[in-house]
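The values are calculated or read from the model by the stated rules, or taken from the named source; none is laboratory data. Keep in mind that this is a model prediction, so the values were computed, not measured. Neighbour counts run over all protein chains shown; Cβ positions are idealised from the backbone, glycine included. Each accessible area value is taken on the protein alone, full model and side chains, heavy atoms only, with ligands, DNA and RNA left out. Shrake-Rupley method; radii C 1.70, N 1.55, O 1.52, S 1.80 Å.
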Amino acid sequence: MTNKEKNFVSAVVYIHNDEENIEGFLQAVIQVLEENFEHSEVICVNDFSQDGSVETAKKVGAQAQDTTITILNMSFFHGVEAAMNAGVDLAIGDFVFEFDSCIADFAPREIMMVYKKALEGYDIVSASPDKKQRFSSNIFYRVFNRSTNFSYDLYSERFRILSRRVINRISSMNKSVPYRKAVYANCGLKTKNIRYQPVKTCDRKNDKIEHQYRMRLAVDSMILFTELGYRFSITMTIIMMFVAVFVAGYSAVIYLFSTPVAGWTTTIFFMAFAFFGLFGILSIIIKYLQILVDLVFKRKRYSFESIEKM
C-alpha cells in the first residue's frame, strides 16, 4: 500500500502454551499491521508458558520488517485478565488491539474491518464469530447479561480494538481491571460488536491451570459485576423471615390451644425472633458489601520477569 494509516497501533497478544498456533497467528497479525500502518508494535504477553511458544514468537518476530515486537514475560501464571492488563499498560499505540488467544478462525481482513469501524467514532469495537457459543459460555453470558444493567450484552469475542481514550478512562476509573469486557461495557463510551463468518474451525483446549482460572474468573465476575449474589441473599432472607414468622405463629397457636412443655414456647419465640433479626442484619451487610465492591475492585496486581525488544 502506498497510503498507509498514520495512527500508531499496538497489538497485545496473550500467549500461554500456544506452540501449535502462535506461528501462523503472529505472521498473519504482523502482515496486516505492516501492510496497512506506518507505525505498529506487537506485544506478546507470555503468561508463564511451559512449551516452545516464546521461542516460536521470537523466530516470527525476527522476520518482521517495520513492526516492533516485544515479549513480556510474566513471573508466574496470572491468567488472561491480569496478563492482558500488563500488556495494555505497556502499549503506546493510539489504538490497541487485544487478542485474548491465538485462535485465528477469522480472515486477516477482519482486523482492518474492526479498525475502520473504530474510525467511525466507536471507542471499543469487538469481533465475534457468527456461530453457536459453547454451552458453558452460553449459560454464563445469558445469566450475566440478565443480571446486569450494562448498555449492551456481552458475547464471546475473538479480539477487539480500543481507542486511547477508553484506555485512559478505564485507568482513571479503576485501579485494577478484574474482568475487562465488563469494565469496557460499563465505561460509557460508544461500543460496537461485529460478527464474522469463521473461515476454519480452530478451538484451543485449555490446560488444567487455565481451566481452573477461567472457572474462578466466571464466579468472581458474577459476584463482582452482577446483582446475582445480592438477589439470591435477599430471596433467602425473605424466605427465612417468613419461616421465622410462621414458627412464631405456630408456637403461639400451640401455647393457646395445647399444653406445650414448659419453656418450649419461650424458646421457640426467642429463636424465631433471633433468626428474623439475624437475616435482616445479614441482608444489610450484604448490601453494604455490594456497594463497596462497586466502588473499589479487588486489587489484582501483576508482576513480570523481563521485557525483550526484538
**Item:** For the stretch 259-275, 3J(HN,Hα) per residue [Karplus equation, 6.51 cos²θ - 1.76 cosθ + 1.60, θ = phi - 60°, Hz, x = Gly/Pro]
**Value:** 10, x, 5, 4, x, 5, 5, 4, 5, 5, 4, 5, 5, 5, 5, 5, 5
**Message:** Can you compute 3J(HN,Hα) from phi for each residue in the stretch 194-199, using the Karplus curve 6.51 cos²θ - 1.76 cosθ + 1.60 with θ = phi - 60°, rounded to whole Hz and x for Gly and Pro?
**Reply:** 10, 9, 10, 7, x, 8
**Asked** When the accessible area of the chain is computed with all protein chains present and a 1.4 Å probe, what percentage of it is carbon and sulfur?
**Response** 59 percent
**Prompt:** Mind checking the angle between helix 22-36 and the chain's longest principal axis? C-alpha axes, 0 to 90 degrees, to the nearest 10.
**Reply:** 60 degrees
**Asked** How much solvent-accessible surface does residue 51 expose, in Å² to the nearest 10, with a 1.4 Å probe and all protein chains in place?
**Response** 50 Å²
**Request:** Calculate how many DSSP beta bridges within the chain are antiparallel, expressed in % of all such bridges and rounded to the nearest 5.
**Result:** 35 percent
**Among 62, 288, 152 - extreme Cα towards positive end, dipole of the chain, charges at beta-carbon** = 288
**Asked** Taking the Cα centre of the chain as origin and charging only Cβ (+1 Lys, Arg; -1 Asp, Glu), how large is the dipole, in debye to the nearest 20?
**Response** 1100 debye
**Where the stretch 214-276 is the region considered: accessible area per residue in Å², 1.4 Å probe** = 71 Å²
**Request:** Among (i) 33, 22, 16; (ii) 51, 19, 17; (iii) 33, 23, 20, find the value of semi-axes √(5λ) of the Cα gyration tensor in Å that was calculated from the structure presented, and write down its label.
**Result:** (ii)
**Asked** Which value, in Å² and to the nearest 10, is the accessible area of residue 5 when all protein chains are kept and the probe is 1.4 Å?
**Response** 60 Å²
**Message:** When a/c reaches 1.5 or more, the comparison of a/b and b/c decides; with that in mind, is the stretch 58-186 rounded, prolate or oblate per its Cα gyration tensor?
**Reply:** rounded
**3J(HN,Hα) from dihedral phi, the stretch 105-112, Karplus parametrisation 6.51/-1.76/1.60, rounded to Hz, x for glycine, proline** = 9, 10, 6, x, 5, 5, 4, 6
**Message:** Suppose a student asked you for the relative contact order of the chain, using Cα pairs under 8 Å spaced at least 6 residues apart; what percent would you report?
**Reply:** 21 percent
**Message:** Ignoring everything except DSSP H segments at least 4 long, calculate the 222 nm mean residue ellipticity for the chain; use -39,500 (n - 2.57) per segment, divide by total residues, nearest 500.
**Reply:** -16500 deg cm²/dmol
**Request:** Whole Å is fine, so just give me how far the alpha carbon centre of the stretch 18-77 lies from that of the stretch 117-161.
**Result:** 25 Å
**Signed unit charges on C-beta, dipole axis of the chain, positive-most listed residue 108, 179, 243** = 243
**Item:** Angle between the chain longest axis and helix 228-257 axis [Cα atoms, degrees, rounded to 10]
**Value:** 10 degrees
**Prompt:** Taking H as built 1.01 Å from N, whose amide H comes closer than 5 Å to the amide H of residue 102, not counting residues under 5 places away?
**Reply:** none
**Item:** Heavy-atom surface of the stretch 85-186, accessible at 1.4 Å and reported per residue (Å²)
**Value:** 44 Å²
